[in-house]
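In what follows, a structure is listed as structure tokens, so that the remarks can point back to it.
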Amino acid sequence: MKEIERSFDAIYNRRYSRRWLMKTGAASLAFGCGQPTLTKSESTPVTNQINNALGAFDFEGLDAVLDTEHHVAKGHIVQILLRWGDPLFPNVPKFDSHKLDAKSQELRFGYGNDYIALLTLDEDRLLMVVNHESTAAGLMFEGEQGYAAQKIDNIQIEQTAHGLSIVELVRKSNRWTPKLSSIYNRRITAHTPMHLTGPVAGHFRVQTAADPSGSVVLGTLGNCAGGVTPWGTVLTCEENINHYFRGEIRDPIELVTQTRMKIPNPHGYEWFREDERFNCQLHPTEPNRFGWVVEINPFDPESTPKKRTALGRFFHESANPVITSDGRVVIYMGDDTAFEHLYRFVSTKSYVPGNAEQNADILDSGELSAAVFDDEGGLRWVTLKHGVGPLNSSNGFNSQADVLIDARRAARLMGATPMDRPEDVEVSHHGDRIYVCLTKNPARGTADNPESNSANPRNENFCGHIIEISPPKINGKAEHHSERMSWDMLLMGGRPEDGGEYGPHHDGMTFMGCPDNACLDPQGRLWVTTDGAENSIGCADGIYAVETGAQRGRITRLFASPIGAEVTGPCFTKDGISLFASVQHPGLVAGFDGAQPVTRWPDFDPAQPPRPAVVVIQKKNGAAIG
Ligand code: FEO
Ligand code: CA
Ligand code: CA
């Protein structure tokens, strides 16, 4: 979700200050410039060598741009696949923003499309799962301003424009189109029943007047990025859940937990006026039912989504599972807030291919830990377990449920490193690298906030960076459950005068601002999308190819969004021919004005607002991208 609080003057003044260099001596840090760092853990070898097997990208990059349209590198085409309000079912009328109501929105593609998962039905049929993270009333509805709708009718539309869309896609002549008659098509909204599972299910801190069992929640909110499990389900991550809750919290236990979660948010949505469960003065435990990773089976439209509480509660960005050397499931997770942490879940049970019973609830038990980065390129995972270290009743942790509900406070007490907004975490194809996008943290080193550290080396970090973590390997298999790993810097975002660093093969003119989401192409090469380029490097957000092999750190721009949008959810088809991505909130600039939006992308219809949309990028010659 976009933050639009910054002024351009502040950016300009900071760009030339280079204060972070003086404060941190970052110029002398060893960035990923082609020289491998070799580090030894206590018990297992850890290598951080360059992966020379990966091919370099071979396309002419797109220059920086900022205007009302999207742009793509020469030799590529862009298809607008699905826009906010497009029908997902038969006999639903064509979208008209002036005729929308909540019931109709339930049958249409939601707003603020974010993460995209593509699941294969057969060679020419995909099941696409898309998150709808947020809404922006001032851009959606006539007579509204800002993010939050004031009219009750519009609030109800906001609620059904949130959640997820699941839709079948069919390929004809290499072009993907939605199949409205598919049995798989489904909308999940702020009203869809889902189960709380794992250690927190049933706990008194998730019981409410409407649900004394503490096990059935209505809706999923703030769905940002996600992941696909090896057993074919989709994980969707609840991120900025604070925007939904208002009211004064009087329960002293909840006050401590929710203050750390920035709840309530007095500038958030007005949903409490329509549905009192969002008033946390009346319902102080309702916020504890959000902030989880939710597992959805898109192949069964009747299935009930499950909120997997063993993975902890925070502002979840993404959850990409990987199988560690002994068969257990490991998930690395960012908590996208300044000075929050990087987490890891390791399942208790092993994943057994084809054993649906064993895999069904595998995410309900396991160990949650948080990352401690050191200055020598080492990383240690500290376990968040009730009764271990300070995680006891003297600090308000009376059970493992308390630890999971209040994971942020538990992680900090255990010494986890406060990071510069950890977003997407992507694991390389052979599991030997873990890429962590840190989007930015302008507050670092200001006022009473923590100063820079080696893993977050810039104070007033407006441009973000990407860290590469290497787990140890035994017999060629990555030990993702290892307590110790090593890390290195892959790149530093921004222009050179801001401390931008892209290795010795950088073209000297392509920069990245605020890395956010990431994906791998079929070859295992890294692609990154951005959220914040307009305010950090002065151009549109986009999609970048990022070299992790011999030309480590070099970036090439493939796509640029229309003004006000961020690009999220990049996802390749298995053949590498199509790259799907979300263009989220086009027109969302500071002081955005729905009556005169800065763009009406993608239709440029003067009678309709701009519309978030999923795009499909392909090469004109039909070959694989990259
Ligand atoms: Fe929803 Fe962290 O972006
Ligand atoms: Ca973001
Ligand atoms: Ca994101």
Of the residues in region 105-127 that are more than 16 Å from ligand 1 (Cβ to nearest atom) and closer than 17 Å to residue 319 by Cα, the one that is nearest to the chain's Cα centre (by Cα) is 118
Notebook entry, point to check: Does residue 575 satisfy the condition of being farther than 19 Å from residue 60 by Cβ, acidic (Asp, Glu) and modelled with pLDDT of 95 or more?
Noted result: yes
Of those in region 549-572 that are open to solvent by less than 10 Å² (accessible area, probe 1.4 Å) and assigned to a loop (DSSP other than H, G, I, E, B), the residue farthest from residue 462 (Cα to Cα) is 549
Would you say residue 417 is closer than 27 Å to residue 490 by Cβ, within 25 Å of the chain's Cα centre (by Cα), away from ligand 3 (no atom under 16 Å from the Cβ) and of a type in the set (S, T, N, Q)? yes
*Take residue 296 and decide whether it is at pLDDT 95 or above, surrounded by 24 or more Cβ atoms within 10 Å (Cβ to Cβ) and touching a helix residue (DSSP H, G or I) at 6+ places or on another chain (Cβ under 7 Å).*
no
Of (1) outside any helix (DSSP H, G or I); (2) of a type in the set (S, T, N, Q); (3) free of Cβ contacts under 8 Å to residues at least 12 places away in the same chain, residue 394 satisfies every one except (1)
How many residues of region 312-368 are within 16 Å of ligand 2 (Cβ to nearest atom), in a strand (DSSP E or B) and among the hydrophobic types (A, V, I, L, M, F, W, C)? The answer is 3
Considering region 194-228, residues that are assigned to a strand (DSSP E or B) and in contact with a Phe, Trp or Tyr (Cβ under 9 Å, 6 or more places away or on another chain), and then whichever is surrounded by the fewest Cβ atoms within 10 Å (Cβ to Cβ), we arrive at 196
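Here's the yes/no breakdown for (1) more than 19 Å from the chain's Cα centre (by Cα); (2) free of Cβ contacts under 8 Å to residues at least 60 places away in the same chain; (3) within 16 Å of ligand 3 (Cβ to nearest atom):
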residue: 202; (1), (2), (3): yes, yes, no
residue: 217; (1), (2), (3): yes, no, no
residue: 241; (1), (2), (3): no, no, yes
residue: 245; (1), (2), (3): yes, yes, no
residue: 252; (1), (2), (3): yes, yes, no
Looking across region 429-470 at residues that are over 19 Å from residue 501 (Cα atoms) and of a type in the set (S, T, N, Q), the single one that is surrounded by the fewest Cβ atoms within 10 Å (Cβ to Cβ) is 446
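Rundown of residues vs (1) more than 16 Å from ligand 2 (Cβ to nearest atom); (2) at pLDDT 95 or above; (3) open to solvent by less than 10 Å² (accessible area, probe 1.4 Å), yes/no style:
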residue	(1), (2), (3)
493	no, yes, yes
496	yes, yes, no
501	yes, yes, no
509	yes, yes, no
513	no, yes, yes
520	yes, yes, no
535	no, yes, no
541	no, yes, yes
544	no, yes, yes
Among the residues of region 254-293, the number that are closer than 17 Å to residue 314 by Cβ, without any contact (Cβ under 8 Å) to a residue 40 or more places away in the chain and touching a helix residue (DSSP H, G or I) at 6+ places or on another chain (Cβ under 6 Å) is 3
Note on region 229-266: residues under 30 Å from residue 572 (Cβ atoms) and either buried (at least 19 other Cβ atoms within 10 Å of the Cβ) or within 16 Å of ligand 2 (Cβ to nearest atom) (or both) are 229, 231, 233, 234, 235, 236, 237, 238, 239, 240, 241
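The values are calculated or read from the model by the stated rules, or taken from the named source; none is laboratory data. Please read these numbers as outputs of a predicted model, since none were measured by experiment. Virtual Cβ from ideal backbone geometry, glycine too; neighbours counted across all protein chains shown. In case anyone asks, the SASA skips ligands and DNA or RNA and just uses the protein heavy atoms, side chains included. Shrake-Rupley method; radii C 1.70, N 1.55, O 1.52, S 1.80 Å.
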